[in-house]
Every structure is written in C-alpha cells, then in structure tokens.
Amino acid sequence: MLSYNDLKEGQMFVYEGSPYEVISFAFLRMQQRKPVAQTQIKNLITGKILERNFHMNETFEEVEIEKQNVKYLYNSKDQYWFCDAKDPSKRFSMTEEALGTPVHFTKANTEAQALKWRGDIINVIFPIKAELKIVETPPGEKGNSASNTTKTAKLETGSEIQVPMFVNQGDIVRVNTSSGAYVERVEKAAGGL
C-alpha cells in the first residue's frame, strides 16, 4: 500500500478502481489544518486528467503494470493499430483520445511500450523525441536564424508544428512528442539555405 507521501510524479496507483499516474504533486498546508497532497492525476485507460487533493490518512493500492514492446502500424479514422514487436499477428487498436498527443508525431513502424494492467493493454508509451521530415512550409530566408519568429510547418505524419524561420521543406527536425514542440533541426535538406 502507498501512503499519500508516496504520491510523487510518475507514481502509478489505483484510484476508484482505475489505474492512475501522478502528473504533478504539491503539499498544501492551510493554517491550523492537516497538510494535503494537491495532485493532478491521469487515468491510464482513458487519458483523462483529474485534480484531486489527498489527506494524510488515505492509502492507495500500487498498480502492477507490465510493459510489452510493440510496434505502431497505422491509423484508420480514430483507431491506431499496433502489433507485438515479436509477433506481428498479435494486433490491437486504441483510440486517439486514450493515446494523447504523442501519437500525432509517430511514424509507422515506430517501436513503443504497451502498458498492461490485469492482462489488458491500457495504454501505449511512445518515445519522447521523434525525428520527422518537414513536407510543407514557406521558404526560409537568410538572416532569420537568430530571431525568435516562427512559421508553421507540416510534418510527414500530417501534424503541424511551429518551427524557426530558417527551417525549410525537406529538413529533418526533432520534435518533443509529449508537447508537440520543435526541439532542433537534425538534418538540412539538400540545397537548403
């Protein structure tokens, strides 16, 4: 059993019959009252984020999560399909809502980790960073490498991000999959500025 002192960021536990992960945690102590753990928790099945306060006397069941290597295959409508990394015949799908932002920055055949709880796959964890090709963006201009201005760029996955003005079509950029933010240019397109 976990106490409320164990609820640190990244800790997984069972709350109201579902597995949750602590996203943020802070102690809150009001005058002449017992301290409270103020948290943001994410439901690992639905992806829904809740804000909850927990008291000193509360205990929680620790979640026993198994991890399994899987490969992202493709998406069709709102369903994203995966297979076991070792056995492509073992396939399963999940919704965009359950997977969250990282799925928008994931190419086919990307390896990921499936989280299993009580024998069922409840979520998929993608790599934090992805290298993706820019397929469409307005041309860059010489001299704009030091400014903070950005422009919209379409990635090979179909998602759009904001990139610095010096990034051009054909460049390969590194993207933070959890926030969808540009990190750096990895490779310049042939004939680029």
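Each reported figure results from applying straightforward, stated rules to the coordinates on display, with no laboratory input. The structure displayed is predicted, hence computed values, not measured ones. FYI the Cβ positions are ideal-geometry reconstructions off the backbone, even for glycines, and counts take in every protein chain you see.
Look at (1) 0.96; (2) 1.27; (3) 1.17: the one that is Cα Rg over 2.2 N^0.38 Å derived from this structure is (2). Summing charges over neighbours of A37, with a neighbour being any other residue whose Cβ is under 9 Å away from its Cβ, gives 0 when K and R count +1 and D and E count -1. Using the Karplus relation 6.51 cos²θ - 1.76 cosθ + 1.60 with θ = phi - 60°, the per-residue 3J(HN,Hα) values for region 60-65 come to 9, 7, 6, 7, 9, 9 Hz, with x marking Gly and Pro.
List R185, R29, R91 from most exposed to least, where exposure is judged by having the fewest other Cβ atoms within 10 Å.
Working: R185 18, R29 9, R91 13.
The most exposed by this proxy come first: R29, R91, R185.
What ranking of V63, V167, V36 emerges when the number of other C-beta atoms within 10 Å of each C-beta is taken as an exposure proxy, fewest first?
In increasing order of surrounding Cβ atoms, one gets V36, V63, V167.
Between D6 and S24, the simple label model (points 7 Å from Cα in the Cβ direction) yields a spacing of 2.5 nm.
Per-residue ellipticity at 222 nm for the chain, helices alone: DSSP H runs ≥ 4 residues times -39500 (n - 2.57), over residue total, nearest 500 deg cm²/dmol? Numbers along the way, then the final one.
Working: 1 runs with 4 residues, N = 193.
Using -39500 (n - 2.57) per qualifying helix, the result is -500 deg cm²/dmol.
Dipole orientation for the chain: of the candidates M1, S24, V135, V135 has the Cα lying most toward the positive pole (charges on Cβ; Lys, Arg +1; Asp, Glu -1).
Measuring r between the beta carbons of E187 and E96 and using R0 = 30 Å, the FRET efficiency lands at 0.55. Placing +1 on each Lys and Arg Cβ and -1 on each Asp and Glu Cβ, with no other charges, gives region 129-187 a dipole about its Cα centre of roughly 100 debye. Working note: Karplus 6.51/-1.76/1.60 with θ = phi - 60° gives region 82-92 the couplings 9, 9, 4, 4, 9, 9, x, 6, 8, 10, 8 Hz, where Gly and Pro are set to x.
Summing +1 for each Lys or Arg and -1 for each Asp or Glu, what net charge is found among the other residues whose Cβ lies under 13 Å from the Cβ of E62? Around E62, the charge tally is -3. In this simple spin-label approximation, Q169 and E51 carry label points 7 Å from Cα along the Cα→Cβ vector, and these lie 4.4 nm apart. Checking every one of the chymotrypsin sites (Phe, Trp or Tyr not before Pro) in region 89-127 against DSSP loop status and a limit of 10 other Cβ atoms within 10 Å picks out no site at all.
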